[in-house]
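Note sheet for the following structure.
The values are calculated or read from the model by the stated rules, or taken from the named source; none is laboratory data. Everything numeric in this text was worked out from a predicted model, so none of it was measured. Positions of Cβ are backbone-derived with ideal geometry, glycine not excepted, and every protein chain shown enters the neighbour counts. What goes into the accessible areas is simple: the full protein's heavy atoms, side chains included, and nothing from ligands, DNA or RNA. Shrake-Rupley method; radii C 1.70, N 1.55, O 1.52, S 1.80 Å.
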Amino acid sequence: MVGGVDEPGWDALHESATNFSFRPGAQRVFILITDENVTGRDRNQGTYTKSETEQTLLEQSVTNYALIDSSDQSSRQDYGDLAEATGGTYFDI
């Protein structure tokens, strides 16, 4: 969380995937928990796009799971689709 209100989730995932040191052979799993989405909220946009984040997660062999407001279509598109693209899934908060 940045500044108490911003939640640039794509940045969090991208930065974690590129900066976290995993031990050799470790299964790489991230769990994103947020009640925010990116679509329509410029403050949550951050530096990286969804496409860039997805590519990085796949390149780093990270499986992502997301706990989101699954009743919100934007949250599903922003984070649910990203989780599924990496072999993970999403769940309702």
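Descriptive notes on the structure:
- Listed values (i) 13.3, 38; (ii) 12.5, 39; (iii) 19.3, 69, entry calculated as Rg and Dmax of the Cα atoms in Å: (ii)
- Computed over protein heavy atoms with a 1.4 Å probe, the carbon and sulfur contribution to the accessible area of the chain reaches 46%.
- When each of the peptides 65-74, 23-32, 10-19 is scored by how many other beta carbons lie within 10 Å of its residues on average, the order from highest to lowest is 10-19, 65-74, 23-32.
- Toward the positive end of the charge dipole of the chain, with +1 on the Cβ of Lys and Arg and -1 on the Cβ of Asp and Glu, the farthest Cα among GLN73, ASN37, ALA26 is that of ALA26.
- Note on ASP6 and THR39: the extension gain reaches 10.6 nm, defined as 0.36 nm multiplied by sequence separation minus the Cα-Cα distance.
- The amide H of LEU67, built 1.01 Å from its N in the peptide plane, has LEU32, ILE33, THR34, PHE91 as neighbours under 5 Å, considering only residues 5 or more places off or on other chains.
- Of all beta bridges that DSSP places with both ends in the chain, some 10 percent have antiparallel geometry.
- Length gained when the stretch SER74-PHE91 is fully extended (0.36 nm per residue, less Cα-Cα span): 4.7 nm
- Summed over qualifying helices (DSSP H, 4 residues or more, each -39500 (n - 2.57)) and divided by its residue number, the chain shows a 222 nm mean residue ellipticity of -8000 deg cm²/dmol.
- Between the helical axis of 50-59 and the longest alpha-carbon principal axis of the chain there is an angle of about 20 degrees.
- Highest-fluctuation residue, THR39, THR63, THR53 considered, GNM on the chain with Cα pairs under 10 Å: THR39
- Computed from Cα atoms, the angle from the helix 9-19 axis to the main principal axis of the chain rounds to 20 degrees.
- Take region 24-93 with all the other protein chains still there, run a 1.4 Å probe, and you get 56 Å² of accessible area per residue.
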